[in-house]
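K.L.:
Next up is a structure, given as structure tokens.
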Amino acid sequence: MEAIEELAVQPCTSSLYLRPFRLSYRQNGTKKFWDFMRTHDSVSILIFNTSRQCFVVVKQFRPAVYMCEVERHHPQLFQNQDKESFPSLENPLPAAVGVTYELCAGIVDKPGLSLEEIACEEVLEECGYRVSIEDLRRITSYRSGVGVTGSRQTLFYAEVNDQMRTSGGGGQPEEGELIEVVEIPLEESMKFAYDETFPKTMGVIFSFMWFHSNIAPKLPKK
């Protein structure tokens, strides 16, 4: 996962996932504009394995996170945004700075499928557990990237056990996915959530807090 090489930054002239726009408008009599991007909505799933009393999350390299760290260390890289080419990345940072812990998730890009069906597919592809729509509990939905994309993510909860695992997961290599499945023991989950040495999404922190407020009190006492 961390064998990253031949790094090269270049302008993005077209994308299957991002579409940049500028909105001009008048608010309370003041003329304004705002740059934004349209992208897909998404689903995410908090997975709890009842056999081993642990959360199942994923770990993967995120180029956007990596480049944020690169810019923090080498701010001159993006100073001239009008260039058609960027300086080569000499002595690049280790790939580990771009690896994050996340909930199992996926974009909503299949018009014929419901959010629940997409969530079930993602759980199987990324984590290897076969769940049904009936196994899902909708927690809530929220906006992410409100200043840039405004996309909606819908969060589900699913309980699984060892008998429901049919593969090792890991995503779909043909789509460029390289995902590691990670188990976080329940008793260590809140320590993990607030440990900044493990880069993670807000979805992980929020969903762990939701679990401890709504599910943990109902678990059998040891």
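K.L.:
Quick one: is Phe198 at negative phi, touching a residue at least 60 places away in the same chain (Cβ under 8 Å) and not charged (D, E, K, R)?
P.N.:
Numbers: at negative phi: yes; touching a residue at least 60 places away in the same chain (Cβ under 8 Å): yes; not charged (D, E, K, R): yes.
The answer is yes for Phe198.
K.L.:
From the list Tyr101, Tyr25, exactly one residue is modelled with pLDDT of 95 or more, farther than 25 Å from Ser207 by Cβ, hydroxyl-bearing (Ser, Thr, Tyr) and not in a loop (DSSP other than H, G, I, E, B). Which is it?
P.N.:
On the way: Tyr101 fails: farther than 25 Å from Ser207 by Cβ.
Being modelled with pLDDT of 95 or more, farther than 25 Å from Ser207 by Cβ, hydroxyl-bearing (Ser, Thr, Tyr) and not in a loop (DSSP other than H, G, I, E, B) holds for just one of Tyr101, Tyr25, which is Tyr25.
K.L.:
Name, by its number, the condition in (1) part of a helix (DSSP H, G or I); (2) buried (at least 19 other Cβ atoms within 10 Å of the Cβ); (3) not acidic (Asp, Glu) that does not hold for Ser213.
P.N.:
(2)
K.L.:
Looking at region 1-24, I want the residues that are of a type in the set (Phe, Trp, Tyr) and have a partner that is open to solvent by less than 90 Å² (accessible area, probe 1.4 Å) with Cβ atoms under 8 Å, at least 6 apart or on another chain. Which pairs are those?
P.N.:
Cβ pairs passing all conditions: Tyr17/Thr39; Tyr17/His40; Tyr17/Ile107; Phe21/Asp35; Phe21/Phe36; Phe21/Met37; Phe21/Arg38.
K.L.:
OK, next. For Ile139, only one of the following conditions fails: (1) in a strand (DSSP E or B); (2) more than 14 Å from Val56 (Cα to Cα); (3) open to solvent by 60 Å² or more (accessible area, probe 1.4 Å); (4) not hydroxyl-bearing (Ser, Thr, Tyr). What is its number?
P.N.:
Result: Ile139 fails condition (3) only.
K.L.:
May I ask you to verify whether Ala64 is open to solvent by less than 50 Å² (accessible area, probe 1.4 Å) and either at pLDDT below 95 or small (Gly, Ala, Ser) (or both)? Full working, then the answer.
P.N.:
Details: open to solvent by less than 50 Å² (accessible area, probe 1.4 Å): no; either at pLDDT below 95 or small (Gly, Ala, Ser) (or both): yes.
Criteria not met by Ala64.
K.L.:
Among the residues of region 187-201, write down those that are closer than 23 Å to Ala64 by Cα, of a type outside the set (A, V, I, L, M) and in a helix (DSSP H, G or I).
P.N.:
Just the residues of region 187-201 that are closer than 23 Å to Ala64 by Cα, to begin with: 192-201.
Remaining after also requiring of a type outside the set (A, V, I, L, M): 192, 194-201.
Passing the criteria: Phe192, Tyr194.
K.L.:
Quick check on my filter: what residues within region 1-50 are under 30 Å from Pro185 (Cα atoms) and loosely packed, with under 15 Cβ neighbours inside 10 Å? Spell out how you get there, then give the answer.
P.N.:
Looking only at region 1-50, we keep the residues that are under 30 Å from Pro185 (Cα atoms), and these are 1-4, 41-50.
Met1, Glu2, Ala3, Thr50, listed by residue number.
K.L.:
If you go through region 142-179, how many residues are open to solvent by less than 70 Å² (accessible area, probe 1.4 Å), of a type in the set (D, E, K, R) and at pLDDT 95 or above?
P.N.:
Total meeting the criteria: 1.
K.L.:
For Ser114, only one of the following conditions fails: (1) surrounded by 13 or more Cβ atoms within 10 Å (Cβ to Cβ); (2) within 27 Å of Phe206 (Cβ to Cβ). What is its number?
P.N.:
It is condition (1) that Ser114 fails.
K.L.:
Filter region 124-136 for residues that are assigned to a helix (DSSP H, G or I) and either free of Cβ contacts under 8 Å to residues at least 60 places away in the same chain or in contact with a helix residue (DSSP H, G or I) (Cβ under 9 Å, 6 or more places away or on another chain) (or both) and give the result. Talk me through it step by step, then tell me what you get.
P.N.:
At the first step, the residues of region 124-136 found to be assigned to a helix (DSSP H, G or I) are 124-127, 133-135.
Across region 124-136, the qualifying residues are Leu124, Glu125, Ile133, Glu134, Asp135.
The values are calculated or read from the model by the stated rules, or taken from the named source; none is laboratory data. The structure presented is a predicted model; accordingly, all values stated were derived computationally and were not measured. Quick reminder, even Gly has a Cβ in these numbers, built from the backbone with ideal geometry, and neighbours come from all protein chains shown. Each accessible area value is taken on the protein alone, full model and side chains, heavy atoms only, with ligands, DNA and RNA left out. Shrake-Rupley method; radii C 1.70, N 1.55, O 1.52, S 1.80 Å.
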